[in-house]
Amino acid sequence: MFPYFEIFGKTVGSYAMASVAGMAVCVLVACRMGRSYKIAFEDILLKMVYIGIGLIVGGHALYGVTHLPRLWELLTHLPDYTFKDAISVVVTCFGGMVFYGGFLGGMAGFALNVRKEQGEQKRVLWDIFAVVIPLFHTFGRIGCFLGGCCYGKESSWGFIVYNNTLQPEINGVVRIPVQLIEAACNFCIFLFLFILFKKNMQRGKLLFYYMLIYPVARFILEFFRGDAIRGFLWGLSTSQWISILLFLVGLYQLLWKSGKAQDVFRIKKTE
Amino acid sequence: MENNGKGLSIAGLVLGIVAIVLAWFTMINIIALIAAIIGLVCAVKGKQAATAAGAPTGLATAGLVLSIIGLVLAAIGFLSCTLCIVCVGGTAGLMGL
């Protein structure tokens, strides 16, 4: 739609602006949430930096995984490539970002930062992390919509992309605004988790709730995506496979660790 | 030797300035991003040390603010490149390259 605009003669990506705005809002929301638990602004900022590093590394790494065939082709035919071409392929293969990679990387970075925290404080911090992730993703998807990536399939209703100079072949076609639908889903998840946090409910389990809800939405929405650069395996996209995995992990953590599943099995055993 | 976080605060301040300057150059955004992140960590640690020692935190706060500005500018530049690469990659993918 509007992939780039100019500020003071400098070209700026609208996706980048949306992402940075998302980060800023997340820091403010996290500070607001942490204030009641006496978590300092600097602490939140430091944690966000750890999440950011993990997000960038994880997002790029998983993007590289979705381009494994091209990387393999490069490795097996390395002598045929000039140094410049080889670098160009590596940059193209690792240059983009995948949300799930960013999520897992961010989670790893956050886990590294909070490993020394204990008890209630640790649970609160993980809950804050769970609440801000869908909020950031909302901004990210709006950025995708503005930037013209992660677009939907051709449809009889939706939006016409008309000014994408980076991918002119997608212009002039009515497409499902799957990015905006996902942004709305993410915002609803954020509100739900935020209310749970404010009401002090399900302390320490909000991340698992997120892992139960978001993957379902993502799994369905992936069927309406029209971009061809995602990796596919046995008819499902990489993100759908990761969605299944995350859903199962979330379900296991919520049911098994909380003892509910054990109770069910115990009842069956005694019967 | 007393640890009032002055060294860390100065490091944060310098790295924040370096990040702001480098963030304006398209191809070296990643260096600006790394400088801003290290600057931010130094400034936060410096501020914590200064607060604990009862020393003034002005230098650390200045480093913190500059590092945040550098981080925002570097992130905008870095993520602009990311979108560009995604789109070029997508086009190449569609063309079977």
P(r) of the protein assembly as shown over all Cα-Cα pairs, binned every 20 Å from zero, in whole percent:
26, 55, 18, 1
Please compute the average number of Cβ atoms from other chains found within 10 Å of each residue's Cβ in peptide A:19-32.
2
Tilt of helix A:41-65 relative to the longest C-alpha principal axis of chain A, in degrees (0 to 90, nearest 10)?
50
The orientation-averaged projected area of the Cα convex hull of the range A:49-194, in nm², is 11.7
So what's the net charge close to A:PHE194: Lys and Arg +1, Asp and Glu -1, counting the other residues with Cβ under 13 Å from its Cβ?
+2
Summed side-chain charge close to B:SER67 - residues other than B:SER67 whose Cβ falls under 15 Å, Lys, Arg +1, Asp, Glu -1
+1
What GluC sites (Glu not before Pro) in the range A:1-81 are in a loop by DSSP, with at most 10 other Cβ atoms within 10 Å of the Cβ?
none
Grab the Cα-Cα distance for A:LYS84 and A:ALA184, subtract it from 0.36 nm times how many residues apart they are, and report the gain in nm with one decimal.
31.8 nm
Contact order normalised by residue count of the range A:1-120, Cα under 8 Å, 6+ apart, percent:
30
Once every DSSP H run of n ≥ 4 in the protein assembly as shown is given -39500 (n - 2.57) and the sum is divided by its residues, what mean residue ellipticity at 222 nm do you get, rounded to the nearest 500 deg cm²/dmol?
-24000 deg cm²/dmol
Could you grab the relative contact order for chain A? Cα pairs under 8 Å, six or more apart, rounded to a whole percent.
20
Taking chain A as the reference, fit the longest principal axis to its C-alpha atoms, fit the long axis of helix A:119-147 to the helix C-alpha atoms, and give the angle between the two in degrees, 0 to 90, nearest 10.
20
Go through the range A:111-188 and name the trypsin sites (Lys or Arg not before Pro) that are in a DSSP coil and have 13 or fewer other Cβ atoms within 10 Å of their Cβ.
A:ARG115, A:LYS116
FRET efficiency estimate (nearest 0.05) - Cβ-Cβ, A:PHE2 to A:LEU255, R0 56 angstrom:
0.80
Provide the net charge surrounding A:VAL173, with neighbours chosen by a C-beta distance below 12 Å and charges set as Lys +1, Arg +1, Asp -1, Glu -1.
0
DSSP loop chymotrypsin sites (Phe, Trp or Tyr not before Pro) in the range A:31-71 with at most 14 other Cβ atoms within 10 Å of their Cβ, which ones?
A:TYR37
Under 23 Å between C-alpha atoms, the lysine pairs in the range A:4-270 lying 8 or more places apart or on different chains count 25
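Read the figures in this text as sums done on the coordinates, not as results from a lab. Everything numeric here is computed off the predicted structure, so don't read it as measured data. Quick reminder, even Gly has a Cβ in these numbers, built from the backbone with ideal geometry, and neighbours come from all protein chains shown.
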